[in-house]
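J.: I'd like to ask you about the structure that follows.
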Amino acid sequence: MNISTATPTPSPRPQAITLGGGCFWCTEAVFVRVKGVLTVTSGYSNGHTVKPSYEQVCTGNTGHNEVVQITYDVHQISLRELLEIFFVIHDPTTLNRQGNDVGTQYRSGIYWSDEDDRAVAQQVLDDVNQHLSGQVVTELLPLNNFSAAEDYHQDYFANHPNQGYCAFVVAPKVQKFLHTFADKVRDA
């Protein structure tokens, strides 16, 4: 009997990146549809208040950004591909604003936990900035003070597709993703 003693190569642990691209309802609604994305958690990061509430973040006084924390399978999608989607679905050239959402909590940001991720993000950010003639205002910082948003914010678009903001702001971003990145859409 010939039994192999070779240990199978373990698959890498899921990777995570945290992105701020305006209202987290919009960003979450797109990334839950991306092939290779395992989880998307709406939350707050890079502020000074520990575990702030939505109401506190909305004042702009906590320093937090509305973000989504994305875990993904590197065998199905790369960080570069996720960031390419990110830069298409929001405007990285408006400081502290996405459409009618205005305030520091809506700033464009990439928050990393791993030096390799920082390097990839810097490369993509430089490419996008060159393409947009140096107008990109996206911050690239280490992830700090992340906390999940309240339960009612999770899967908000899926649970409230006919709510006014969802119908008129979130849905067009989802459609843009579906049209632009058809090859990246997860199977239903």
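What follows is calculated from the coordinates using simple rules that are stated; it is not laboratory data. Quantities reported herein were computed from a predicted structural model and do not represent experimental measurements. Cβ sites come from the backbone with ideal geometry, for glycine too, and all protein chains shown count toward neighbours.
J.: How big is the gap, in Å, between the Cα center of the range 116-153 and the Cα center of the range 32-109?
T.: Cα centroid of the range 116-153 versus Cα centroid of the range 32-109: 9 Å apart.
J.: Using Cβ contacts closer than 10 Å as the measure, can you line up 26, 166 from fewest to most? Walk me through the numbers on the way to the answer.
T.: Working: 26 27, 166 19.
Lowest count first: 166, 26.
J.: Please arrange 51, 35, 173, 184 by how many other C-beta atoms lie within 10 Å of their C-beta, fewest to most.
T.: 51, 35, 184, 173
J.: A further question follows. Measuring from label point to label point, each 7 Å out along Cα→Cβ, what is the residue 165 to residue 51 span in nm?
T.: Calculated label separation equals 2.3 nm.
J.: Right, next: Using θ = phi - 60° and the Karplus relation 6.51 cos²θ - 1.76 cosθ + 1.60, list the HN-Hα couplings for the range 85-91 in order, rounded to whole Hz, with x at every Gly or Pro.
T.: Karplus-based 3J(HN,Hα) across the range 85-91 equals 4, 3, 6, 8, 8, 9, 9 Hz.
J.: Moving to a separate point now. Count of lysine pairs in the chain with Cα atoms under 17 Å apart, counting only pairs 8 or more residues apart in sequence or on different chains?
T.: Lysine pairs meeting the criterion: 5.
J.: About the Cα centre, and with charges only on the beta carbon of Lys, Arg (+1) and Asp, Glu (-1), how big is the dipole of the chain? Nearest 20 debye, please. Present the calculation step by step, with values, prior to reporting the outcome.
T.: Details: 12 positive and 20 negative charges, 42 e Å.
With only Lys, Arg, Asp and Glu charged at Cβ, the dipole is about 200 debye.
J.: What's the percent breakdown of Cα-Cα distances in the range 140-188 across 5 Å bins, shortest bin first?
T.: P(r) for the range 140-188, in whole percents per bin: 4, 16, 16, 18, 18, 19, 8, 0.
J.: Can you list residues from other chains, or at least 5 along the same chain, whose modelled amide H is less than 5 Å from the amide H of residue 112?
T.: Those qualifying (amide H under 5 Å, at least 5 residues apart or on another chain) are 141, 143.
J.: Starting from the 7 Å offset along Cα-to-Cβ, what nm value, one decimal, do you get for the label separation of residue 38 and residue 101?
T.: Distance between the two pseudo-spin positions: 2.6 nm.
J.: Another question about this same structure. Return the single residue from 150, 139, 55 with maximal mean-square fluctuation; model: Gaussian network over the chain, springs between Cα atoms under 10 Å.
T.: Comparing 150, 139, 55 in the GNM, the peak value goes to 55.
J.: Select from 104, 49, 138 the residue whose mean-square fluctuation is largest in a Gaussian network model of the chain (Cα-Cα springs shorter than 10 Å).
T.: Evaluated over the chain, the most mobile residue of the options is 49.
J.: With θ set to phi - 60° and the Karplus curve 6.51 cos²θ - 1.76 cosθ + 1.60, what are the ³J(HN,Hα) couplings of the range 142-155 in order, to the nearest whole Hz, using x for Gly and Pro?
T.: Once θ is set to phi - 60°, the couplings for the range 142-155 become x, 5, 9, 6, 7, 9, 5, 6, 4, 3, 5, 7, 6, 6 Hz.
J.: Check which residues have an amide H placed less than 5 Å from residue 67's amide H, if you skip close sequence neighbours.
T.: Counting only residues 5 or more places away or on other chains, the set is 43, 44, 45.
J.: Next question, about the same structure. Report the one residue of 164, 40, 64 whose Cα lies farthest in the direction of the positive end of the charge dipole of the chain (charges on C-beta: Lys and Arg +1, Asp and Glu -1; origin at the Cα centre).
T.: The residue sitting farthest along the positive end of the dipole is 164.
J.: Could you give each residue of the range 117-126 its phi-based ³J(HN,Hα) in whole Hz, using Karplus coefficients 6.51, -1.76, 1.60 with θ = phi - 60°, and x for Gly or Pro?
T.: 5, 4, 5, 5, 4, 4, 4, 5, 4, 4
J.: Rg and Dmax of the range 34-118 over Cα atoms: what are they, in angstrom?
T.: 13.8, 40
J.: Can you tell me the alpha carbon radius of gyration of the range 15-180 divided by the globular rule-of-thumb value 2.2 N^0.38 Å? Show your work: numbers first, answer last.
T.: Numbers: Rg = 14.6 Å, N = 166, 2.2 N^0.38 = 15.3 Å.
Working it through for the range 15-180, the quotient is 0.95.
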